[in-house]
Each structure stands twice: as structure tokens, then as C-alpha cells.
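Below: the structure, in C-alpha cells.
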Amino acid sequence: MITGFNHNIKYKDIVFHVQTEDSGEEIAHIITHLFIGGNIIISVKNSYKNVVNAPQLRNVVKSMMEQQHKSVLKGLLSSKYDKEIDKMLEHMKSSKIKKIENLSSKDDLNIIEQDKKKHTAHLIEDKQKSILDKNKKASEDNLDDLILSFLEDNL
């Protein structure tokens, strides 16, 4: 099993968490989740059973993880997941409204206001090492360059 990637990235003034994991050779799949506020917005899952006997399996899986993680970051920044994000934000908003409607006192409202101030979203970069080669050149487009520089800055 290979250590995965975890990045927080700000998009449209919201901090999203992108997490990519390897399930290990027995299950042989890579899964990437895009989170907002602890809720999964999208998941991307790909199998690597077809290469499980590769001579340098670890390097192959690392490369696949890197590509999948980068693809989800690119999808986020290029608005690919905006419909799913809007649905989740609406769901989160309606859940909060229901909770507020069920409050019994002003004290409960004060607690929520204080809690909101404590948990204001801000970008905190993960210090976990990336598997990117620092000398690798982006060859696709400007968005790839942006994502690569974002990931490389976190090494």
C-alpha cells in the first residue's frame, strides 16, 4: 500500500479537500474523494488489477495515483464538479437552517455564531510529501502548470 495524497485547495472562496488513496494489492484500486465540510462531493475509483504483476508495481501505482489526484484537482478548478458542489452546498445550507429552526433559545444561536467564527474556512496546506518529480515539466496546458506548481509547493 502506498501513502496517498491529501490537499486542501480554495476554489470559489470555499476550501475543498482532495484525498487519493491506494487500497493495496489485494483490492488493487485507487480512490480519490473530493470533500467539502467533511462531505464527499465526488469519488473517482480506478482498478490496477491489470498491472498488479508489473515488475515495478510501486512506481506504476504512484504514477496512477498522481494522475488521478491531478485529474480531480484539474476538474475542480475547471468547474467540472460545479453542479455536484451546488447540490451539496444547498443540502448543507438546508440542514443548517433546519438545525437553527429547532433551537430553543438565544444561547443556542450565540453558540452557533461563536462556532462559525472558530471554523471559518481558510487554506491550510498539507505537509505530506507528494510523489511528483520536482523536475517534471507540465506538457498539457496552463491549468496543468498551475496544479503542478501547487503540488510542488507542498513538498
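Readers should treat all values here as calculations from the given coordinates under stated rules, not as data from a laboratory. Given the structure is predicted, the values throughout are model-derived calculations rather than measurements. Glycine also receives a Cβ, built like all others from the backbone with ideal geometry; neighbour counts cover every protein chain displayed.
For the range 21-95, which GluC sites (Glu not before Pro) are in a loop by DSSP, counting at most 11 other Cβ atoms within 10 Å?
Working: sites: GLU21, GLU25, GLU26, GLU66, GLU84, GLU90; in loops: GLU25, GLU26.
Passing sites in the range 21-95 are GLU26.
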Quiz prompt | Long-range Cα-Cα pairs in the range 10-60 (distance over 18 Å), rounded percent | solution = 42 percent
